[in-house]
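Worksheet: one structure, shown below.
The values are calculated or read from the model by the stated rules, or taken from the named source; none is laboratory data. Nothing here was measured: the structure is a model prediction, and the numbers come from that model. Positions of Cβ are generated from backbone atoms using ideal geometry, with glycine treated the same way; all protein chains shown enter the neighbour counts.
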Amino acid sequence: MNEVDAVKNKDDIKLSTHSMRKTRGYAMWKDGVPLEVICKVLNHCTPAVTMRYIGIEREDVHQTYDGYVL
């Protein structure tokens, strides 16, 4: 049994390909993948659609930008 099977068989955890897709997009964003790239990966028409889809708010963008050090 792999990890996905172990998780999806728990009664209190709902797992679907849609939730995994959204989670992957959000994880990519948190890892620093440019939004435009995530947009292409998810086959969205605009980065704004991607932001809404994975739950990124403007405040998240500002916090990420403010926390970035060169």
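Looking at (1) assigned to a loop (DSSP other than H, G, I, E, B); (2) at pLDDT 95 or above; (3) out of contact with any helix residue (DSSP H, G or I) (no Cβ under 7 Å at 6 or more places or on another chain), which is the only condition residue 10 fails?
(2)
Given the condition under 11 Å from the mean Cα position of the chain (by Cα) and not in a helix (DSSP H, G or I), answer yes or no: does some residue in segment 46-54 qualify? So that I can check it myself, show each step before the final result.
Filtering segment 46-54 down to residues under 11 Å from the mean Cα position of the chain (by Cα) leaves 50-54.
Filter again for not in a helix (DSSP H, G or I), leaving none.
No, segment 46-54 has no match at all.
Name the residue that is surrounded by the fewest Cβ atoms within 10 Å (Cβ to Cβ), counting only residues in segment 32-70 that are more than 18 Å from residue 22 (Cβ to Cβ) and hydrophobic (A, V, I, L, M, F, W, C).
Among them, the one singled out is 70.
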